[in-house]
1. Hey, rough spin-label estimate for F205 and N100, points 7 angstrom out along Cα→Cβ, what's it come to in nanometres?
2. Residues with beta-carbon under 13 Å from that of R162, excluding R162: net charge, scoring Lys, Arg +1 and Asp, Glu -1?
3. What does the extension gain come out to for E116 and Q79, with contour length at 0.36 nm per residue minus their alpha carbon separation?
4. Could you check the simple spin-label distance between N46 and S229, using points 7 Å along Cα→Cβ, in nm with one decimal?
5. Can you sort D206, D81 from fewest to most other Cβ atoms within 10 Å of each residue's own Cβ?
6. Quote to one decimal, in nm, the extra length available between Q176 and I64 on full extension: 0.36 nm per residue of separation minus the C-alpha distance between them.
7. Using a basic spin-label model with each label point 7 Å from the Cα along Cα→Cβ, how many nm lie between K93 and Y143?
8. If R₀ is 45 angstrom, what is the calculated FRET efficiency for the pair V212 and N55, using the beta carbon separation as r and rounding to 0.05?
Amino acid sequence: MGLAFLLVIIYFIYRSNKLKRISNQILVLKSLRSQMNPHFIFNSLNAVNHFIIQNKELEANKFIADFSKLMRMVMENSQEDFISLDKEIEIIKMYLKLENQRFEDKFSYDFKINPEIETEAIKIPPMLIQPYIENAIWHGLRYKQEQGYLLVEINEIGNKIRIIIEDNGIGRIKSQEIKTKNQSEHKSTGMKNTQSRLQIMNELFDSNMTVVVSDLHPNFGTHVQIEISKTLK
């Protein structure tokens, strides 16, 4: 009887600790999501400022209209743990359009999606892909002397969705070399938060979302591969 009573106590202590841990992880997850939106908005507003400084009023007005649409989509999805891949793609396309308007002489891009993918049925954490695209543009392509190229490709591999973000920018080593001291001390908030979110979500939802960042070439370019299960809910 004493042993049974002790086992019951141990079980309830274990369960209580597990629930507290899950609750803490959910709070951290919400905090990370709330941090991403201001960071994203700040970087986008820099583009508006860019057009105003150059006295391009028409471009600035058009950019603000598209930016407002993008912010509405981001805010609508910001409180969700998962959204459809279709909604995430819509956000990425608008973001790419805006950044290409700003850095039109810096890069061209292609966005390729396997037409067989049922994008409305597949779930994905919101703002998962965008930080890696932002990093490719801001730290790789904008420092390139000649016009660069960015590829975003979404494919279906078995039971997983594979997202490739590839640029032929200056590469991670060169980018680190030319950063100022202040920039070197400030790691990309978007990418750092995304990595933390993935780690927590993998634990909470027993998923296996992965991100691998590698050099496209020893002297230039970056390759990012994101994989998510198609059955993620």
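Read the figures in this text as sums done on the coordinates, not as results from a lab. All figures in this text were calculated on a predicted structure; none of them were measured in a lab. Please note: Cβ atoms are built from the backbone with ideal geometry, for glycine as well, and neighbour counts cover all protein chains shown.
1. 2.9 nm
2. -1
3. Numbers: separation 37, 0.36 × 37 = 13.32 nm, distance 2.88 nm.
That works out to 10.4 nm of additional length.
4. Simple spin-label model gives 3.7 nm for this pair.
5. Fewest-to-most ranking of D206, D81: D206, D81.
6. Values: separation 112, 0.36 × 112 = 40.32 nm, distance 3.16 nm.
The Q176-I64 span can extend by a further 37.2 nm.
7. 3.2 nm
8. On the way: r = 43 Å, r/R0 = 0.96.
With a Förster radius of 45 Å, E is 0.55.
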